[in-house]
Amino acid sequence: MTDFWTTILEFAQNITTRVGKQLMQDFGQVQATHKADGTLVTQSDQWADREIQDAIASTFPGFGILSEEGDRVFPGTEWCWVIDPLDGTTNFTRGIPIWSISMGLLYQGTPVFGYVYLPTLNEAFHGFWEGSSGLAAPTGAFRNHHPIHTSNDAPSNHHFFNLCSRSTGAIQKGFPCKVRMLGVASYNFLTVASGATLGGIEATPKIWDIAAAWLIVQAAGGTWLSLKSEPFPLTPGLDYSDRSFPTLVVSRPELVPVFETYLYAIGI
């Protein structure tokens with residue numbers, strides 16, 4: 001890896017580890033309030049957001065920032081971090097140990113690096129994927145620095161598929177897998193990247209939920225199917241507050257028609 005990409009990886013690892021240590025102290029101990037859009041926020045989310053944004057500003061001056069808890073307008077800078085300082089706030093406040101810190105680095109509006117850290121599980125996922133960027137970037141997806149790849153298995157009642165709370169209608173007679181609901185959009189898809197599950201649906205993920213996972217899933221060999229509009233590249237000056245990107249992720253292209261047939265039941 002070149003010095004630039006090493007710096008990017010080490011920065012993401014260091015800031016999420018530091019922020020994660022404090023969040024572990026708050027885990028299950030804080031109260032949430034409702035934001036204008038109906039989602040939950042805690043003082044921990046807001047503190048983590050400030051810490052990460054301050055670290056980005058001091059380490060990468062000139063890089064833009066789009067954050068769930070901050071500015072949600074894509075600034076149109078060549079490089080931009082998209083961050084979710086606490087993905088899974090409901091789990092976090094209720095003491096359920098699945099939540100993450102998610103960071104995606106975009107080049108010209110499209111992710112080229114992603115990092116997701118789950119402090120309670122001591123798991124860190126990262127990936128590089130140059131796509132059509134033209135950058136001389138490394139490639140691959142990793143969990144705790146070990147390479148990961150999606151599963152080649154066929155669906156069965158011994159395999160898992162992840163749902164979100166808004167997609168439970170997909171469970172129809174004959175559904176080919178057991179289902180799980182994790183409550184964290186990024187981790188929903190990362191379990192596909194690691195080979196633990198064969199697929200997952202998120203009905204209303206926001207751009208900060210998927211910026212890192214979008215890259216890691218594809219770097220791991222998975223298939224990402226946007227069900228309404230493509231999330232990337234981002235549009236300069238556009239406010240992403242109210243934009244959702246319904247998504248089906250599967251471990252390999254052949255499974256798209258297998259699971260896509262169940263989406264009619266949830267109106268996607």
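I'd like the full set of residues that are among the polar types (S, T, N, Q) and under 19 Å from Thr17 (Cβ atoms), limited to the range 68-112. Answer for the range 68-112, where residues must be among the polar types (S, T, N, Q) and under 19 Å from Thr17 (Cβ atoms): Ser100, Ser102.
Based on this model, can you work out whether Thr235 counts as polar (S, T, N, Q), within 20 Å of Phe113 (Cα to Cα), in the same structural domain as Ile171 (by TED's automatic domain parsing) and more than 15 Å from the chain's Cα centre (by Cα)? Quick ask: steps written out before the conclusion?
Values: polar (S, T, N, Q): yes; within 20 Å of Phe113 (Cα to Cα): yes; in the same structural domain as Ile171 (by TED's automatic domain parsing): yes; more than 15 Å from the chain's Cα centre (by Cα): yes.
For Thr235, the condition - polar (S, T, N, Q), within 20 Å of Phe113 (Cα to Cα), in the same structural domain as Ile171 (by TED's automatic domain parsing) and more than 15 Å from the chain's Cα centre (by Cα) - is met.
When Gly88, Gly131, Gly64, Gly114 are checked against the criterion of being of a type in the set (Gly, Ala, Ser) and surrounded by fewer than 19 Cβ atoms within 10 Å (Cβ to Cβ), Gly131 stands alone in meeting it. Residues in the range 245-263 that are modelled with pLDDT under 95, hydroxyl-bearing (Ser, Thr, Tyr) and under 14 Å from Glu202 (Cα atoms): Tyr262 only.
Quick grid of which residues meet (1) assigned by TED's automatic domain parsing to the domain that holds Ile98; (2) part of a loop (DSSP other than H, G, I, E, B); (3) at pLDDT below 95; (4) surrounded by fewer than 16 Cβ atoms within 10 Å (Cβ to Cβ):
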site	(1), (2), (3), (4)
Ile8	yes, no, no, no
Arg50	yes, no, no, yes
Asp54	yes, no, no, yes
Glu69	yes, yes, yes, no
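The residues of the range 91-109 that are more than 14 Å from the chain's Cα centre (by Cα) and either among the acidic types (Asp, Glu) or surrounded by 16 or more Cβ atoms within 10 Å (Cβ to Cβ) (or both), listed by number, are Asn91, Phe92, Thr93, Ile96, Tyr107, Gln108, Gly109.
Only strands (runs of 3 or more DSSP E) whose full extent lies in the range 114-192 are considered here, and the ones with at least 3 residues that are within 17 Å of the chain's Cα centre (by Cα) and not assigned by TED's automatic domain parsing to the domain that holds Val258 are 123-128, 140-143.
Ala170: aliphatic (A, V, I, L, M) and modelled with pLDDT of 95 or more, yes or no? Don't jump to the end; show me each part of the working.
Values: aliphatic (A, V, I, L, M): yes; modelled with pLDDT of 95 or more: no.
So Ala170 does not fit the description; no.
The values are calculated or read from the model by the stated rules, or taken from the named source; none is laboratory data. Computed from a prediction, not measured in an experiment: that's the story for all the values here. Neighbour counts run over all protein chains shown; Cβ positions are idealised from the backbone, glycine included.
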